[in-house]
Amino acid sequence: MFTPFYNESLRKLVIAFGSLFNDLKVTRSDGTVIRVPLSYGAKEKFIRRIEEASSITDNTEVGITLPRLGFEITSFSYDPQRKGNKLRKRFKRDSETGLSHQIAEVPYNVTFGLYSFSRSMDDNLQIMEQILPYFTPEFNVTINMNTLNQKVDVPIVLGGVQTTEDYEGDFSNRRTILTTFDLTAKSYIYNRIKT
């Protein structure tokens with residue numbers, strides 16, 4: 001029953017999710033256009049890096065550049081409403097491997113947290129305006145999951161948006177505006193392919 005296999009369906013989902021947000025840009029009042037970097041990691045990791053200055057050498061201290069986007073998987077949940085017949089099989093004939101088949105996929109909702117960090121409210125609002133119009137309330141992404149399940153449409157649903165401003169202490173402290181987007185991808189986990 002527990003034969004090792006790896007379809008990379010979750011990995012492909014994370015890559016597809018990140019590719020949605022990897023080309024956001026912010027325009028400053030002087031006309032400078034800045035590309036917003038995106039990376040995978042926990043929100044607490046980014047907050048810690050913003051609060052502490054890192055040093056490249058003994059006399060050069062550099063803080064994290066803002067604006068910045070980060071995302072992480074926050075939860076997995078089984079979705080019984082999308083469950084199909086578990087005895088259904090998908091077949092494909094190939095000249096190299098012969099006849100391949102796979103048992104029906106299992107529906108899972110994968111929840112992502114997308115975090116936007118910025119110093120100014122204008123940068124934050126520009127990032128929000130580039131994201132929010134596409135989720136009404138969902139955006140479909142087509143992913144090539146494996147040889148039997150090509151072009152699978154995965155809806156990504158926007159659940160909510162929260163904005164917080166972290167500004168404590170005197171005027172020399174850095175101001176940080178954090179916006180959290182709660183997004184759920186209605187994807188599938190696939191069983192192993194048999195020949």
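The values are calculated or read from the model by the stated rules, or taken from the named source; none is laboratory data. Quantities reported herein were computed from a predicted structural model and do not represent experimental measurements. Every residue, glycine among them, receives a Cβ derived from its backbone with ideal geometry; neighbour counts consider all protein chains shown. Accessible surface areas use protein heavy atoms only, side chains included; no ligands, DNA or RNA. Shrake-Rupley method; radii C 1.70, N 1.55, O 1.52, S 1.80 Å.
Using a probe of 1.4 Å on the protein chains alone, the accessible area found for R82 is around 60 Å². Taking amide hydrogens as placed 1.01 Å from N in the peptide plane, the amide H of V154 sits under 5 Å from those of V141, T142, I143, each at least 5 positions away in sequence or on another chain. Sorting D153, D123, D182 by accessible area puts them as D153, D182, D123; the probe is 1.4 Å, largest comes first, and only protein heavy atoms count. Annotation: amide H of F21 has no partner in the under-5 Å range at sequence separation 5 or more or interchain, hydrogens built in the peptide plane. Accessible area of E129 (1.4 Å probe, protein heavy atoms only, ligands and nucleic acids ignored): about 140 Å². A 1.4 Å probe over all protein chains sorts Y134, Y190 by accessible area into Y134, Y190, starting with the largest. Among residues other than D153 with Cβ under 11 Å from its Cβ, the summed charge is +1 (Lys and Arg +1, Asp and Glu -1).
The 3J(HN,Hα) values that the Karplus relation (6.51, -1.76, 1.60; θ = phi - 60°) gives for the stretch 180-185 are, in residue order, 10, 9, 9, 10, 10, 9 Hz. Gly and Pro appear as x.
Charged neighbours of T180, selected by a Cβ distance under 13 Å, balance to -4 (K, R count +1; D, E count -1).
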